[in-house]
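Undergrad: I'd like to ask you about the structure that follows.
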Amino acid sequence: MALLLVLALAFPQAILRAPDPAPSLAAGISAEAWLIYDDSYDLEIASFRADRPAPMASTTKLMTALLVVENADLDDEVSISRRAQATGHKQIYARQGETWAVGELLEAVMVVSANDAAVALAEHVGGSVGEFVELMNERASELGLNDTSYANPHGLDAGGQYTSARDLLTLAREVMTHSTLASMALRQEALLVRGDGTAQRRESTNELLSWFPGAIGVKTGWTTGAGDVLVAAAERDGRRLYAVVMGSTDANADASRLLEYGFTVFGTAERRLVPLMEDRRLARALRATLSEDVVARLAHLRGLDKREEAPWE
């Protein structure tokens, strides 16, 4: 601690200089838009075109899943419609007339990214797909997702369906407050049971769960129009980070690079020095020499508002 005190006074800018994500970090990211966020400190670490609307692919299902847990019982029974059965691409091959529990279909949405399950749940909660989409857009407005618009519950390419990396982050954080969804986001496979008792075992579409240290979710997506989309979350030593990538050619590589950067590079000096801010003399000395962005970052990490706390005045 004494050494940090001496170094902080002698070389404050050198110690506290924030790592510059560009060009070194950005150069290795293929995504057209991305964001890395420290949930533990409520702090955006770095971003690129994070507010630009773009197709979201199956990350759409985060909103579908959220509305289901907010409006349905997991034990409710759902009868599969012709429309649900006919929804192509990623499927659990639910057949018209079959009965499934909401919980099984929800797991299929979160783990397998099943489009037929998403439509079945939308019809169950909204009465029809169209009415459910209205609920999706209403909930988006409530969450402040100002760069988001939904046209279907599954994410297949459609006009009027888009979001931004920042909006996806907000949505994912809300989803992860629900223990049911957080648990499903973590699963590497799902055992899905039909109403008649027959079952199928399916692997998660989120490959990071199997190899990235600390990965806990959240949702994958891919379409021709959207490219590779991924909302990834990981925890290490009690610290949670989110990475969002959109329009990527390799979302796993991009997200893992962003998360690793957040865990191993960003903020290590700041977190060591934050306790020193309890010393009023040191706090004022540093305040006089540090740039405003560094002061704001330290204040945020410490959980203070520098405009109100005396040591920062």
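The values are calculated or read from the model by the stated rules, or taken from the named source; none is laboratory data. The model shown is predicted, which means the values in this text are computed figures rather than measured ones. Here Cβ is always computed from backbone atoms with ideal geometry, including for glycine, and neighbour counts include all displayed protein chains.
Undergrad: So Gly97 passes all but one of these: (1) buried (at least 17 other Cβ atoms within 10 Å of the Cβ); (2) in a loop (DSSP other than H, G, I, E, B). Which condition number does it fail?
TA: Condition not satisfied by Gly97: (1).
Undergrad: State which residue is surrounded by the most Cβ atoms within 10 Å (Cβ to Cβ) when the search covers only the stretch 100-152 and only residues that are under 24 Å from the mean Cα position of the chain (by Cα) and on the phi > 0 side of the Ramachandran plot.
TA: Ranking the candidates gives Ser113 first.
Undergrad: Checking the structure you have, find out if any residue of the stretch 157-170 is crowded, with 24+ Cβ neighbours inside 10 Å, under 12 Å from Thr64 (Cα atoms) and in contact with a helix residue (DSSP H, G or I) (Cβ under 8 Å, 6 or more places away or on another chain).
TA: No - not one qualifying residue is present in the stretch 157-170.
Conditions tested, residue by residue: (1) in contact with a His (Cβ under 9 Å, 6 or more places away or on another chain); (2) more than 24 Å from Ile80 (Cβ to Cβ); (3) not assigned by TED's automatic domain parsing to the domain that holds Ala255.
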{"position": "Ala114", "(1), (2), (3)": "yes, no, no"}
{"position": "Ser128", "(1), (2), (3)": "no, no, no"}
{"position": "Glu134", "(1), (2), (3)": "no, no, no"}
{"position": "Leu156", "(1), (2), (3)": "yes, no, no"}
{"position": "Ser183", "(1), (2), (3)": "no, yes, no"}
{"position": "Arg187", "(1), (2), (3)": "no, no, no"}
{"position": "Gln200", "(1), (2), (3)": "no, no, no"}
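Undergrad: Can you pull out the strands (runs of 3 or more DSSP E) entirely within the stretch 157-263 that have at least 2 residues that are at pLDDT 95 or above and among the β-branched types (Val, Ile, Thr)?
TA: Strands (runs of 3 or more DSSP E) meeting the threshold: 215-223, 227-236, 239-248.
Per-residue answers, yes or no, for (1) assigned by TED's automatic domain parsing to the domain that holds Ala172; (2) in a helix (DSSP H, G or I); (3) among the polar types (S, T, N, Q); (4) surrounded by 15 or more Cβ atoms within 10 Å (Cβ to Cβ):
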site	(1), (2), (3), (4)
Ser40	yes, no, yes, no
Asp51	yes, no, no, no
Thr59	yes, yes, yes, yes
Met63	yes, yes, no, yes
Leu66	yes, yes, no, yes
Asp73	yes, no, no, no
Val78	yes, no, no, yes
Ala84	yes, yes, no, yes
Gly88	yes, no, no, no
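Conditions (1) part of a helix (DSSP H, G or I); (2) in contact (Cβ under 8 Å) with a residue 60 or more places away in the chain, marked per residue:
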{"site": "Gln91", "(1), (2)": "no, no"}
{"site": "Leu106", "(1), (2)": "yes, yes"}
{"site": "Asp116", "(1), (2)": "yes, no"}
{"site": "Ala120", "(1), (2)": "yes, no"}
{"site": "Ser141", "(1), (2)": "yes, no"}
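Undergrad: Search the stretch 20-68 for residues being of a type in the set (A, V, I, L, M, F, W, C) and touching a His at 6+ places or on another chain (Cβ under 9 Å), and hand back the single one that is modelled with the lowest pLDDT.
TA: Filtering first and then ranking leaves Leu43.
Undergrad: Considering (1) in contact (Cβ under 8 Å) with a residue 24 or more places away in the chain; (2) small (Gly, Ala, Ser); (3) closer than 24 Å to Met246 by Cβ, say which one Gly159 fails and leave the rest.
TA: Looking at each condition in turn, Gly159 falls short on (1).
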